[in-house]
Amino acid sequence: LVISGTPGKLAPSVDLSAFRVVQEALTNVVTHAAGAEARVEVEYAENLLSVTISDDGSGVDQSVEGKGGGRGLVGMRERTALFGGEFQAGRTDDDRWRVHATFPINAGRPEEGLR
């Protein structure tokens, strides 16, 4: 786990959605790349929260890759889009799997639930 930037107060809904993206991505590492090492990076910027989850590519079972049948990636994409964020998932050039999601924060939205 690597955290950079200065953590600030997040709307509870953004905080929970970012947590769920990390949780689902780590579940995918365990399910589809058992034995791989995972890295979670959380970056706080002035108006953006970024989470990146990647594995080292060592545990991918080629026989089950792409056969998940679940809604994990779809759910992560939907959670991110709900807040106007961006989502990317896929294999990197060095054969690792990477999930990256950004969530705009404090971008002119009322900070509901922060009182």
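The values are calculated or read from the model by the stated rules, or taken from the named source; none is laboratory data. Computed from a prediction, not measured in an experiment: that's the story for all the values here. Note that each Cβ is placed from the backbone with ideal geometry, even for glycine, and that neighbours are counted across all protein chains shown. These area figures cover heavy atoms from the full protein model, side chains too; ligands, DNA and RNA do not enter into them. Shrake-Rupley method; radii C 1.70, N 1.55, O 1.52, S 1.80 Å.
Of the residues in segment 74-105, how many are under 13 Å from Ala18 (Cα atoms) and either in contact with a helix residue (DSSP H, G or I) (Cβ under 8 Å, 6 or more places away or on another chain) or among the polar types (S, T, N, Q) (or both)? Qualifying residue count for the region: 13. Filtered by the rule that a residue be among the β-branched types (Val, Ile, Thr) and exposed (fewer than 13 other Cβ atoms within 10 Å of the Cβ), segment 27-50 gives a lone residue, Thr27. Taking the numbered list (1) of a type outside the set (D, E, K, R); (2) open to solvent by 20 Å² or more (accessible area, probe 1.4 Å); (3) at pLDDT 90 or above in turn, Ile53 passes all entries but (2).
Looking at Leu73 and the list (1) within 27 Å of Leu10 (Cα to Cα); (2) at pLDDT below 90; (3) open to solvent by 80 Å² or more (accessible area, probe 1.4 Å), which single condition is not satisfied? All conditions pass for Leu73, except number (3). Is one or more of the residues making up segment 4-26 at pLDDT 90 or above, out of contact with any Lys or Arg (no Cβ under 9 Å at 6 or more places or on another chain), in a strand (DSSP E or B) and buried (at least 19 other Cβ atoms within 10 Å of the Cβ)? No, there is no match, as no residue in segment 4-26 is at pLDDT 90 or above, out of contact with any Lys or Arg (no Cβ under 9 Å at 6 or more places or on another chain), in a strand (DSSP E or B) and buried (at least 19 other Cβ atoms within 10 Å of the Cβ).
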